[in-house]
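Shown next, in structure tokens, is the structure this report addresses.
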Amino acid sequence: MKSWKTKSGYEIKRLIYGRSNVFLLTSDNKRILVDTSPGVYWKKLEKKIEKYSNGRIDILILTHAHFDHAYNTIRIKEKYKSSVYIHCNEADKLLNGENPETNGSNIMTKIITSLFGKTFMRMKNYHGCSADVMVYDRYDFEVEGLHAYLIHTPGHSAGSMSLIIDNEIAIVGDCLFGVFKSSVFPPFVTSPQDLTASWCRLIETGCSIFLPSHGNEKTRNQLIKDYIRHK
Ligand SMILES: [Zn+2]
């Protein structure tokens, strides 16, 4: 299993890799899960949580409320009594189990969303769940004893956010994609302007590694290159 460690010892494990990545952040006193993957991965995720987190999840962060990130939220909250964190723009979507709006960003995905977007997203509704903490522009985990914070990074969806760990590693949801070799631009975007502003915000964190929900890690240089191309 792929894992990363920051200089001061925070460990990040990629529990699920494939359709949608799930990350586990462990420190001395906290177990934080980022995203939950689609419903079909539940059994696999449950096993990994038992094995690598001793069946304990204190905090569940949702980078946004799309089904492939939020589907198993209710299961995790009920089983592990985790506190669920989401951006305020998408708390109602999570509560109703609805997918936030998004649009295609290239010819192919534009056609797909215009033809099937609404129907597909309705088919992908999930069991709703209430949030415990709503994040606005920034949420600091220093109070929980963690050198980490959440920032609002919209663009893919209105309530997308990223987790910044130790000013070194960022878990970014769909704010950038790790699937394509030559570009980090996500295939689905609601606001390209917001997206590039969010990239700028991510660059300003000083992080050197960016972990997206789809595909593999991206470097700071790859992000800067695409930011210059699209801003
Ligand atoms: Zn998404």
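The values are calculated or read from the model by the stated rules, or taken from the named source; none is laboratory data. From a predicted model like this one, the values you see are computed outputs, not experimental measurements. Methodologically, a virtual Cβ is constructed for each residue, glycine included, from the backbone with ideal geometry; neighbour enumeration extends over all protein chains shown.
For this structure, a couple of remarks:
- For the range 15-40, filtering for residues that are surrounded by fewer than 20 Cβ atoms within 10 Å (Cβ to Cβ) and charged (D, E, K, R) leaves 3.
- Residue in the range 100-109 that is within 22 Å of Val184 (Cβ to Cβ), within 16 Å of the ligand (Cβ to nearest atom) and part of a strand (DSSP E or B) present: yes
- Among the conditions (1) out of contact with any Ser or Thr (no Cβ under 7 Å at 6 or more places or on another chain); (2) surrounded by fewer than 21 Cβ atoms within 10 Å (Cβ to Cβ); (3) within 25 Å of Ile74 (Cα to Cα), the only one that Phe180 does not satisfy is (3).
- The lone criterion from (1) over 27 Å from Ser3 (Cβ atoms); (2) away from the ligand (no atom under 16 Å from the Cβ); (3) out of contact with any strand residue (DSSP E or B) (no Cβ under 6 Å at 6 or more places or on another chain) left unmet by Ser157 is number (2).
- Some residue of the range 93-102 being among the aliphatic types (A, V, I, L, M) and without any contact (Cβ under 8 Å) to a residue 60 or more places away in the chain: yes
- Residue list for the range 29-70, filter: acidic (Asp, Glu), over 11 Å from Val84 (Cα atoms) and within 13 Å of the ligand (Cβ to nearest atom): Asp68
Here is a yes/no grid of residues against (1) crowded, with 17+ Cβ neighbours inside 10 Å; (2) among the polar types (S, T, N, Q); (3) farther than 15 Å from Ser105 by Cβ:
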{"position": "His152", "(1), (2), (3)": "yes, no, yes"}
{"position": "Ile164", "(1), (2), (3)": "yes, no, yes"}
{"position": "Asn167", "(1), (2), (3)": "no, yes, yes"}
{"position": "Leu195", "(1), (2), (3)": "yes, no, no"}
{"position": "Cys207", "(1), (2), (3)": "yes, no, yes"}
{"position": "Asn216", "(1), (2), (3)": "no, yes, yes"}
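- Taking strands (runs of 3 or more DSSP E) as the structural unit, those lying wholly within the range 115-231 and holding at least 1 residues that are free of Cβ contacts under 8 Å to residues at least 40 places away in the same chain and basic (Lys, Arg) correspond to 138-140.
- Test result for Tyr85, crowded, with 20+ Cβ neighbours inside 10 Å, out of contact with any Leu (no Cβ under 9 Å at 6 or more places or on another chain) and within 22 Å of Ser160 (Cβ to Cβ): no
- Screening Tyr136 against (1) out of contact with any helix residue (DSSP H, G or I) (no Cβ under 8 Å at 6 or more places or on another chain); (2) at pLDDT 95 or above; (3) loosely packed, with under 13 Cβ neighbours inside 10 Å; (4) of a type in the set (Phe, Trp, Tyr) leaves a single unmet condition, (1).
- Taking the criterion of being β-branched (Val, Ile, Thr), more than 16 Å from the ligand (Cβ to nearest atom) and within 24 Å of Gly18 (Cα to Cα), the residues of the range 190-230 that qualify are Ile209, Thr219.
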